[in-house]
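The values are calculated or read from the model by the stated rules, or taken from the named source; none is laboratory data. Fair warning: this is a prediction, and the values are worked out from it, not measured in the lab. Here the Cβ positions follow ideal geometry from the backbone for every residue, glycine too, while neighbour counts run over all protein chains shown. Only protein heavy atoms, including side chains, enter the accessible area calculation; ligands, DNA and RNA are left aside. Shrake-Rupley method; radii C 1.70, N 1.55, O 1.52, S 1.80 Å.
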Amino acid sequence: MAHWLYKSEPFKWSWEQQVEAGAKGTFWNGVRNHSAKLNMIAMKKGDKGFFYHSNEGKEIVGIVEVIREAYPDPTAEPGEPWVVVDLKAVKPFLRPVTLAHVKAEPRLATMSLVTSMRLSVQPVTDAEWKIVCELGGL
């Protein structure tokens, strides 16, 4: 199973909205970067990811799960190559893990959140996953 990090500006789509979507989840759209698109294509049903509030908060607030693999983005213009995956909320963090905390943790120095900050959908290694979950109280 792979791990991922999904960035969302809370005023566009927040953790609370993701939770409200319930078990049926919702599609993760708006990705307009080819590297992020390739990450989404690589996702498998059951993969877990961190839900990260970008711009406002700048913190990992919960865990989501892929419940449907990549399919064409219904919000894209006809002929555009973008995809979405469906996600459902799994669990909130007991303590949000801020970007400052991630950057201050030497074991996370090579995490994509630190090295590729602008990428909206990022891979997370197994080691990074474990460390961030510990920092978040899980």
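At a 1.4 Å probe radius, carbon and sulfur cover how many percent of the accessible area of the chain?
Using a 1.4 Å probe with all protein chains present, the chain comes out at 55 percent carbon and sulfur.
Here the calculated FRET efficiency for L94 and N29, from their Cβ-Cβ distance with R0 = 35 Å, stands at 0.75, rounded to the nearest 0.05. Sorting the segments 32-45, 55-68, 11-24 by their residues' average number of neighbouring beta-carbon atoms within 10 angstrom, most packed first, yields 55-68, 32-45, 11-24. Counting only Cα atoms, region 9-58 measures 26, 26, 16 Å along its principal axes, largest extent leading. Computed about its Cα centre, the charge dipole of the chain is approximately 200 debye, with only Lys, Arg, Asp and Glu carrying charge at their Cβ.
Decide, for region 30-111, between rounded, prolate and oblate: order the square roots of the alpha carbon gyration tensor eigenvalues as a ≥ b ≥ c, take rounded if a/c falls under 1.5, and otherwise choose prolate if a/b is larger than b/c, else oblate.
Prolate is the answer for region 30-111, as a/c is 1.5 or above and a/b outweighs b/c.
Of all DSSP beta bridges confined to region 1-119, the antiparallel ones make up roughly 75%. Since only P81, I67, Y52 are under comparison, the one whose Cα sits farthest along the positive direction of the charge dipole of region 29-81, derived from C-beta charges on Lys, Arg, Asp and Glu, is I67.
Please label the shape of region 76-117 as rounded, prolate or oblate, based on the square roots a ≥ b ≥ c of the eigenvalues of the alpha-carbon gyration tensor (a/c under 1.5 means rounded; beyond that, a/b larger than b/c means prolate, else oblate). The partial results should precede the final answer.
Numbers: a/c = 3.94, a/b = 1.68, b/c = 2.34.
Verdict is oblate for region 76-117.
If you count only protein heavy atoms with a 1.4 Å probe, what accessible area per residue comes out for region 1-95, rounded to a whole Å²?
Working: 4850 Å² over 95 residues.
I get 51 Å² per residue for this part.
Past the 19 Å Cα-Cα mark, which pairs from K12/K88; K12/K48; K48/K103?
Numbers: K12/K88 17 Å; K12/K48 21 Å; K48/K103 22 Å.
Among K12/K88; K12/K48; K48/K103, the Cα-Cα distance tops 19 Å for K12/K48; K48/K103.
Work out, in µm²/s and without decimals, the Stokes-Einstein translational diffusion coefficient of the chain at 10 °C, 1.306 mPa s, Rh from Kirkwood over C-alpha pairs. In µm²/s, the coefficient rounds to 107.
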